[in-house]
Each structure stands twice: as C-alpha cells, then as structure tokens.
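Take a look at the structure set out below.
The values are calculated or read from the model by the stated rules, or taken from the named source; none is laboratory data. If you're wondering where the values come from, they're calculated on a predicted model, not measured in any experiment. Heads up, the Cβs are rebuilt from the backbone with ideal geometry, glycines too, and the neighbour counts pull from every protein chain shown. These accessible areas exclude ligands, DNA and RNA; they are computed on the full protein's heavy atoms, side chains included. Shrake-Rupley method; radii C 1.70, N 1.55, O 1.52, S 1.80 Å.
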Amino acid sequence: SQVWSDNYDRQLDDIFAVQDDITQSVVNELRSRLLPAEADAKAEAQKVIAEVQEATRGRSENAEAFRFYLRGQFLRALLDRESAAQAVTCYESALALDPDYALAWAGLARALSDQIGQNWIPRDQGIARAKAAADKAIALAPDLAEGYIARGWILRAWDWDWRGAEAAFERALKLSPDNVLAMNAAATLFGNLGRLDDAIVIFRRAAGLDPLNVAVNRNLGLYCLAKGAFEEAAAALDAALQLSAKGGLTHEAV
C-alpha cells in the first residue's frame, strides 16, 4: 500500500477472467512504479501476460473445484494431522467436481504422502493411492510440473529410488523453473543425500519467492541446523512456527 493501491469493480460473470484481469492490472501498475523509467513498456506488458498465464496453468474451469484445490494446498502446507486429513478431503471434493483436474490429483498424492510419512494412515494402502494419484496427474497433464513433483516425492520417500526422484524433480524444474514446490522437493532430496550446501541455496531462493510457505521455511531451518548455521536456522524455524504453530516437525527441530 505504500507503493500503490486501488479499488476494482467488476461484473462477476466469469470469476477466472475477473481474477486474471485484476492480476494483470496490479502487476502492470507495480512494474511501472518499481522498474526503471527506461524499461520497455510493451515488453514488460508481454511479461505480465506470460507470468499470469504460467501461474494459472492447469487451473480447473470449475470455480468450486478450484476453491477446494486452493484450500487443500493451504491445509497441506500446515503439516499437522487434522489439516492433512482436511487437505485430502478438499482434493477429493475438487476431483468429484472435476475428475480431470491434474493439479488436484497431484495435490492428493502429496497429501497422502504426508499422511504416510507421519504414520497417520496405513502405509501400504496410502502408498498405493499416492502412486496412482501421481500417475493420474501426469497422464492428464504431462506438461505440468506438479505431477512429477508428486511422483519424485514418492520415489524418494517410499521406493528409495534417488536417481528416479532426481530425474522427476529435474523434469518438474525444467517445466516450471520458479516452482517453489519443485524447489522444496529437489532441495529436500539433496539435503537427505548430504548435499547440504546445494539444498540450502535452493531453500533460500524458494523462501525468497514464497516467504509464507511453511514447509520451505521449516526445511530451510532444518538443513541450516544440520549444516551448523544456527542463527539462520533459528530465524527460519521461528518463521515456520509463526505461520503454523501446530507444526510438529518444526517443534521437534526447535
């Protein structure tokens, strides 16, 4: 609000068109105020359009399914037992409305993986469901990063297939270089393999892009702790606790 603010009044005939229109307007206004005066206005406008299109790739055309997906994403990031179960329900609700919603299949796979990892659901049954959901996401949208992120997470956590997981994460990052979920997944793999410096660099970049991401802040703290960078670890873990006070893994590290 210190740089610029405005009000928008639109007819809500198409919520997605309204959302994209306002997003482009906001980004254009901020760019014009924050970029040097000599910046190419036409080129910057094209960048804005491309960025909005990238951010909305894979979005369901069903507004209610999209709402369930966004809520599932928020709940899954909190990583506590109740929120994880609610996230699964949200993804399932999205898929009931739009069975071809690849992002929701990928989100379901990740949420199930989280539940398995914390022993909140039976492991064998959960792994089978998670794998099927990840495969469904890729089959529906092979050009979206999220399906490969979900597959790589399963390969790393349950199959112990490090090379397969790294290939999946590399594919995700190639498709979407600024995807924070892909960065978090790849950095976690590198950290688990002892490549702490590589992991921390990626986590820092991810935290810069998405400072309100609980998992990224928590993981940055955990791997800084492993590296012996205690001040940075404390700051990152404190940020994670402020964002999700019930996050068990964060409390364990603290």
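Could you tell me whether A182 is open to solvent by less than 10 Å² (accessible area, probe 1.4 Å) and under 19 Å from G117 (Cα atoms)?
Yes, satisfied.
Matching residues to (1) at pLDDT below 85; (2) open to solvent by 20 Å² or more (accessible area, probe 1.4 Å); (3) farther than 18 Å from L140 by Cβ:
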| site | (1), (2), (3) |
| --- | --- |
| V52 | yes, no, yes |
| R59 | yes, yes, no |
| N62 | no, yes, no |
| A65 | no, no, no |
| L70 | no, yes, yes |
| R76 | no, yes, yes |
| S83 | no, no, yes |
| T89 | no, yes, yes |
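Go through E232, E252 for me and flag whichever is modelled with pLDDT of 95 or more, among the acidic types (D, E) and more than 18 Å from the chain's Cα centre (by Cα).
None of the other options fit; the residue is E232.
When the range 94-124 is examined, which residues are found to be of a type in the set (S, T, Y) and closer than 24 Å to S244 by Cα?
Listed by number, the list holds a single entry, S113.
Among (1) surrounded by fewer than 16 Cβ atoms within 10 Å (Cβ to Cβ); (2) closer than 23 Å to A77 by Cβ, which single condition is R151 missing?
(1)
Could you check W120 against (1) assigned to a helix (DSSP H, G or I); (2) open to solvent by 10 Å² or more (accessible area, probe 1.4 Å); (3) touching a residue at least 24 places away in the same chain (Cβ under 8 Å) and say which number it fails?
W120 satisfies all of (1) assigned to a helix (DSSP H, G or I); (2) open to solvent by 10 Å² or more (accessible area, probe 1.4 Å); (3) touching a residue at least 24 places away in the same chain (Cβ under 8 Å) except (1).
Kindly list, by first and then second residue, each pair from a residue in the range 99-113 that is of a type in the set (S, T, N, Q) to a residue that is open to solvent by 10 Å² or more (accessible area, probe 1.4 Å) and not in a helix (DSSP H, G or I), limited to pairs with Cβ atoms under 9 Å and residues at least 6 apart or on different chains.
S113/W158
Which of the residues belonging to the range 91-114 are buried (at least 22 other Cβ atoms within 10 Å of the Cβ) and not aliphatic (A, V, I, L, M)?
Correct list: Y91, Y101, W105, G107, R110, S113, D114.
Identify, please: which residue in the range 222-250 is in contact with an Asp or Glu (Cβ under 8 Å, 6 or more places away or on another chain) and assigned to a helix (DSSP H, G or I) and is, among those, farthest from R110 (Cα to Cα)?
Narrowing the range 222-250 to residues in contact with an Asp or Glu (Cβ under 8 Å, 6 or more places away or on another chain): 224, 227, 244, 246-248.
Next, only the ones that are assigned to a helix (DSSP H, G or I) stay: 224, 227, 248.
Numbers: C224: 24, K227: 27, G248: 18 Å.
Per the stated criteria, the residue is K227.
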